[in-house]
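A.B. asks: Here it is, the structure, as structure tokens.
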Amino acid sequence: MLQQKLVERVLQAALSHGGDFAEIYVENKIEQHLSMVKEKIEKARSGQDFGIGIRIFNGVDYLYTYTNNEEENHLIEIAALLSQAAKNRQTVNRTITFKKELIVPRHIATIDPRVVSIERKRDVLSRVTRHAFDYHKSVSQVKASYFDETQRVLIANSDGLWAEDKRVRTRLFVEVIAADQEQKQRGYLAPGASKGFEFYSEIDLRDIAETAADSAVRMLEARPCPGGKMPVVIDNGFGGVIFHEACGHGMEATAVAKGNGPYAGKLNQQVVSEKISAIDNGTIPNEWGSLHIDDEGTHTQRNSLIEKGILKGYLIDKLGGRRLGMAPTGSARRQSYRFAPTSRMTNTYILPGTDKLDDMIAGTEYGLYAKSMGGGSVNTTTGDFNFAVLEGYMIENGKLTYPVKGATLIGNGRQTMYDVDMVGNNFKPGQGMCGSISGSIPVNVGQPALRVSQLTVGGSQS
């Protein structure tokens, strides 16, 4: 991507007038997107993006710039200008000896999506679309989308780190609309992985299409959801988005190093129910949020966040580590070279317990079963959240009775996790995109089924 001598000269320029640490990030990304509506390609887009980011640390402050121009004179010029802005001691002609980081491949793509024809990718969308339409006569529209990206990165810094990596990801989006004379309802699934095109021969396209269609069809019979405070059973998979949004962000150094959020200064204290143990693990082979190295060149690892309700760790990048006096945890991430990295999640999930979903429902006299979650919003400083239930059912006398629409879960993340009284044994991950100050990045959320003893449910009036 860039030669070592050039990188060394750029880093020297970045420290020529100020700053105590310099880093360069080089990225070359190739993407392809296809969207199909009713078996016709609606959009097809391919593109390549190349750029270089340069960052300087000055104690616990930083400066960042980026460019698409890889000419040596340009890179040295902008690095020197950045260094002047640091306004610190002068460091001239610092010798940098690079040591190449050894990366053992774990997230291997066996079929490079760049060599797969657009016809084969379109065939995946056609098959999913047909399966969804064939599922039930009430299915009125199917939108299917395909995405893949191949990203090469080079990360080098003034401490001598030299790390290169190749990252391949692909994802399928399926949205099904079912309609009757009075209404329309939506079902949605979006599986993805750090894999190549082989992913589509490993997953069951019929099952994915029918699962999304089934959710939409069932919701046509839904009644308005009753509101109020009640026990809520949240099923596995994407239900983990509540922990991710309302709790996980509060464990990132981005918040903690500034003393913000409910988990700052709470290490080794009980912060949630003793039923809850949670980790962030970027090393899981081929998972959607996995990486060999983070976007600062640190190897990813399994980070224990909570053990039986006790806060055990944070997610830390280099700058956050300086501010906290802690070592980085392989958690520095960014959307692209246009963003400076900061502490972010990878694959974040609640560990399975010993309870069974059937027992959670049977032990609930009156409450809500949230089978699948939709979108929502959260105040990451306070942990207050509001999430829509995509598919939900009322529980009455220990049994599922009727489907409900318009349900929302309203609460505080930390308090909600305190109120968890049962944790299931049916763990499942779910894929999503997470937005924060360093852009939108792929993450896994996940959990087994949980029962929250009391949670405010916002209902529907129609």
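A.B. asks: Out of Pro231, Pro226, which single residue is over 30 Å from Ser336 (Cα atoms), at pLDDT 95 or above and surrounded by fewer than 17 Cβ atoms within 10 Å (Cβ to Cβ)?
C.D. replies: Within the list Pro231, Pro226, the selection yields Pro226.
A.B. asks: Let me ask you something else. Scan the stretch 136-149 for residues that are in a strand (DSSP E or B) and either more than 26 Å from Lys121 (Cβ to Cβ) or out of contact with any His (no Cβ under 8 Å at 6 or more places or on another chain) (or both) and jot them down.
C.D. replies: Listed by number, the residues that qualify are Val139, Ser140, Gln141, Val142, Lys143, Ala144, Asp148, Glu149.
A.B. asks: Can you tell me which residue is surrounded by the fewest Cβ atoms within 10 Å (Cβ to Cβ) among those in the stretch 410-448 that are in contact with a Phe, Trp or Tyr (Cβ under 9 Å, 6 or more places away or on another chain) and over 22 Å from Gly309 (Cα atoms)? Outline the logic, then answer.
C.D. replies: Start the filter on the stretch 410-448 by keeping residues that are in contact with a Phe, Trp or Tyr (Cβ under 9 Å, 6 or more places away or on another chain), which leaves 410-414, 416-417, 427-432, 437-439, 442-448.
Narrowing the set further to residues that are over 22 Å from Gly309 (Cα atoms) leaves 430-432, 437-439, 442-443.
On the way: Gly430: 24, Gln431: 23, Gly432: 20, Ile437: 11, Ser438: 22, Gly439: 18, Pro442: 24, Val443: 24.
Top of the filtered list is Ile437.
A.B. asks: Hey, among the residues in the stretch 32-61 that are touching a helix residue (DSSP H, G or I) at 6+ places or on another chain (Cβ under 6 Å) and part of a strand (DSSP E or B), which one's nearest to Ala132 (Cα to Cα)?
C.D. replies: The qualifying residue nearest to Ala132 (Cα to Cα) is Met36.
A.B. asks: Continuing with this model, one more query. Could we say that Gly459 is farther than 23 Å from Thr380 by Cβ, at pLDDT below 95 and of a type outside the set (Lys, Arg) here?
C.D. replies: Yes; evaluated as a whole, the condition is true for this residue.
A.B. asks: Here is a list: Gly19, Gly53. Which entry is under 30 Å from Arg323 (Cβ atoms) and either surrounded by fewer than 16 Cβ atoms within 10 Å (Cβ to Cβ) or modelled with pLDDT of 95 or more (or both)?
C.D. replies: None of the other options fit; the residue is Gly53.
A.B. asks: Also, quick follow-up: Just checking, which of Tyr369, Tyr402 is farther than 30 Å from Tyr64 by Cβ, among the hydroxyl-bearing types (Ser, Thr, Tyr), buried (at least 16 other Cβ atoms within 10 Å of the Cβ) and at pLDDT 95 or above?
C.D. replies: Details: Tyr402 fails: buried (at least 16 other Cβ atoms within 10 Å of the Cβ).
Answer to the selection: Tyr369.
A.B. asks: Looking at the stretch 248-276, I want the residues that are on the phi > 0 side of the Ramachandran plot and have a partner that is aliphatic (A, V, I, L, M) and assigned to a strand (DSSP E or B) with Cβ atoms under 9 Å, at least 6 apart or on another chain. Which pairs are those?
C.D. replies: Asn268/Ile310; Asn268/Leu311
A.B. asks: May I ask you to list pairs of residues, at least six apart or on different chains, whose Cβ atoms are under 6 Å apart, with the first in the stretch 305-328 being within 28 Å of Gly353 (Cβ to Cβ) and at pLDDT 95 or above and the second being of a type in the set (Asp, Glu) and surrounded by fewer than 18 Cβ atoms within 10 Å (Cβ to Cβ)?
C.D. replies: Lys308/Glu274; Gly309/Glu274
A.B. asks: For the structure I just gave you, tell me whether Arg186 is under 22 Å from the mean Cα position of the chain (by Cα) and touching a residue at least 12 places away in the same chain (Cβ under 8 Å).
C.D. replies: Spelling it out, it is not the case that Arg186 is under 22 Å from the mean Cα position of the chain (by Cα) and touching a residue at least 12 places away in the same chain (Cβ under 8 Å).
A.B. asks: Looking for whichever is farther than 30 Å from Asn425 by Cβ, outside any strand (DSSP E or B) and of a type in the set (Asp, Glu) here; the options are Glu182, Glu210. Which one fits?
C.D. replies: From the options Glu182, Glu210, the qualifying one is Glu182.
A.B. asks: Go through Glu307, Glu252 for me and flag whichever is within 25 Å of Asn426 (Cβ to Cβ) and either charged (D, E, K, R) or touching a Lys or Arg at 6+ places or on another chain (Cβ under 8 Å) (or both). Give the steps one after another, and end with the answer.
C.D. replies: Working: Glu252 fails: within 25 Å of Asn426 (Cβ to Cβ).
Result: Glu307 is the single residue among Glu307, Glu252 that is within 25 Å of Asn426 (Cβ to Cβ) and either charged (D, E, K, R) or touching a Lys or Arg at 6+ places or on another chain (Cβ under 8 Å) (or both).
A.B. asks: For the stretch 407-462, which strands (runs of 3 or more DSSP E) that fit wholly inside it have 3 or more residues that are within 30 Å of Arg334 (Cα to Cα)?
C.D. replies: On the way: elements: 408-412, 420-423, 428-436, 439-447, 450-458.
The strands (runs of 3 or more DSSP E) meeting that bar are 408-412, 428-436, 439-447.
A.B. asks: If you check Arg218 against the conditions, is it closer than 30 Å to Ile108 by Cβ and basic (Lys, Arg)? Steps first, answer last, please.
C.D. replies: Values: closer than 30 Å to Ile108 by Cβ: no; basic (Lys, Arg): yes.
Answer is no for this residue.
A.B. asks: Just one of (1) touching a residue at least 60 places away in the same chain (Cβ under 8 Å); (2) in contact with a strand residue (DSSP E or B) (Cβ under 8 Å, 6 or more places away or on another chain) trips up Met417, so point out which.
C.D. replies: For Met417, the failing item is (2).
A.B. asks: Scan the stretch 101-123 for residues that are farther than 14 Å from Val168 by Cα and exposed (fewer than 10 other Cβ atoms within 10 Å of the Cβ) and jot them down.
C.D. replies: Once the filter is applied, which keeps residues that are farther than 14 Å from Val168 by Cα and exposed (fewer than 10 other Cβ atoms within 10 Å of the Cβ), the stretch 101-123 yields Leu102, Val104, Ser117, Glu119.
A.B. asks: Taking the stretch 244-263, which residues are surrounded by 24 or more Cβ atoms within 10 Å (Cβ to Cβ), farther than 14 Å from Arg344 by Cβ and not aromatic (Phe, Trp, Tyr)?
C.D. replies: Within the stretch 244-263, Ala246, Cys247 qualify.
A.B. asks: Run Leu311 past the list (1) farther than 27 Å from Arg167 by Cβ; (2) in contact with a strand residue (DSSP E or B) (Cβ under 6 Å, 6 or more places away or on another chain); (3) buried (at least 20 other Cβ atoms within 10 Å of the Cβ) and report the number of the one that doesn't hold.
C.D. replies: Evaluating Leu311 over (1) farther than 27 Å from Arg167 by Cβ; (2) in contact with a strand residue (DSSP E or B) (Cβ under 6 Å, 6 or more places away or on another chain); (3) buried (at least 20 other Cβ atoms within 10 Å of the Cβ) leaves (2) as the failure.
A.B. asks: Answer with yes or no whether Arg152 is loosely packed, with under 15 Cβ neighbours inside 10 Å, assigned to a strand (DSSP E or B), charged (D, E, K, R) and out of contact with any Leu (no Cβ under 6 Å at 6 or more places or on another chain).
C.D. replies: On the way: loosely packed, with under 15 Cβ neighbours inside 10 Å: no; assigned to a strand (DSSP E or B): yes; charged (D, E, K, R): yes; out of contact with any Leu (no Cβ under 6 Å at 6 or more places or on another chain): yes.
Taking the combined requirement at face value, the residue does not satisfy it.
A.B. asks: Would you pick out the residues in the stretch 322-358 that are under 21 Å from Gly282 (Cα atoms) and either among the charged types (D, E, K, R) or surrounded by fewer than 21 Cβ atoms within 10 Å (Cβ to Cβ) (or both)?
C.D. replies: Result: Met326, Ala327, Arg333, Arg334, Gln335, Ser336, Phe339, Arg344, Leu351, Pro352.
A.B. asks: Within the stretch 26-46, which residues are farther than 18 Å from Phe197 by Cβ and either among the β-branched types (Val, Ile, Thr) or within 23 Å of the chain's Cα centre (by Cα) (or both)?
C.D. replies: Hits for the stretch 26-46 are Val26, Glu27, Asn28, Val37.
A.B. asks: To continue, here is another question. Run Asp204 past the list (1) touching a residue at least 60 places away in the same chain (Cβ under 8 Å); (2) surrounded by fewer than 16 Cβ atoms within 10 Å (Cβ to Cβ) and report the number of the one that doesn't hold.
C.D. replies: Among (1) touching a residue at least 60 places away in the same chain (Cβ under 8 Å); (2) surrounded by fewer than 16 Cβ atoms within 10 Å (Cβ to Cβ), the lone unmet condition for Asp204 is (1).
The values are calculated or read from the model by the stated rules, or taken from the named source; none is laboratory data. Since the structure is predicted, the reported quantities are computational estimates derived from the model, not experimental observations. Cβ sites come from the backbone with ideal geometry, for glycine too, and all protein chains shown count toward neighbours.
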